[in-house]
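One structure is given here, and the rest of the page talks about it.
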Amino acid sequence: MIRLAVLADEAVEAIHQATLRILSEVGIVLTQPEAREVLAGAGATVRGDRVLLPPDLVEREVARCPRQVTVRGRSGQTVVLGDGNLHWHNLGGAREVYDPRTGYRRPAILQDVRDSTRLLDALEGVTTVTPFFTPLKRIASSE
């Protein structure tokens, strides 16, 4: 099996250590009280809506994760992640769209989600699709 290595092992480790430091010193904002309680019970520090995750907690829980997971699409097709094969997945969550017709940036709408999902679904090399845009509001229409 060919292994694609974009970064040296030392660079990957440096990123990992920086991530652990950020999670422990800056933490994450978590607005669900039940989730904060679970994490506090596991050893996290809660300060209001912010949860600080100590490195040992993060590494312990990551070690508990399975090495492989299977995801199934609407068509029933399954993909195994972690099996050594290369898979392509888009990032998601953009709130704004650059509209090439007008040349301006605008808030994303539900139709942008539909259009980008259709495009990503049609690309042969894309393994899984996440909604590319996160519209902040719906526009008045027949939606």
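Could you say which residue among Thr31, Thr19 is of a type in the set (Ser, Thr, Tyr) and at pLDDT below 95? After ruling out the rest, the residue left standing is Thr31. The requirement of being under 29 Å from Ile22 (Cα atoms) and surrounded by fewer than 13 Cβ atoms within 10 Å (Cβ to Cβ) is not satisfied by Gly125. On the basis of being assigned to a loop (DSSP other than H, G, I, E, B), more than 19 Å from the chain's Cα centre (by Cα) and loosely packed, with under 12 Cβ neighbours inside 10 Å, does Gly41 make the cut? Considered against the rule, which asks whether it is assigned to a loop (DSSP other than H, G, I, E, B), more than 19 Å from the chain's Cα centre (by Cα) and loosely packed, with under 12 Cβ neighbours inside 10 Å, Gly41 comes out as no. Glu37 meets each of the listed conditions (1) out of contact with any helix residue (DSSP H, G or I) (no Cβ under 6 Å at 6 or more places or on another chain); (2) touching a residue at least 24 places away in the same chain (Cβ under 8 Å); (3) farther than 28 Å from Phe132 by Cα apart from (2). Scanning region 1-32 for residues that are under 26 Å from Asn85 (Cα atoms), without any contact (Cβ under 8 Å) to a residue 60 or more places away in the chain and among the hydrophobic types (A, V, I, L, M, F, W, C) turns up Ile2, Ala5, Val6, Leu7, Ala8, Ala11, Val12, Ala14, Ile15.
The set of residues from region 64-113 being farther than 17 Å from Leu136 by Cα, surrounded by 11 or more Cβ atoms within 10 Å (Cβ to Cβ), within 16 Å of the chain's Cα centre (by Cα) and among the hydrophobic types (A, V, I, L, M, F, W, C) comprises Val69, Val71, Leu81, Trp88.
The values are calculated or read from the model by the stated rules, or taken from the named source; none is laboratory data. None of the values given here were measured: they were computed from a predicted structure. No Cβ is skipped: glycine too gets one built from the backbone with ideal geometry, and neighbour counts run over all protein chains shown.
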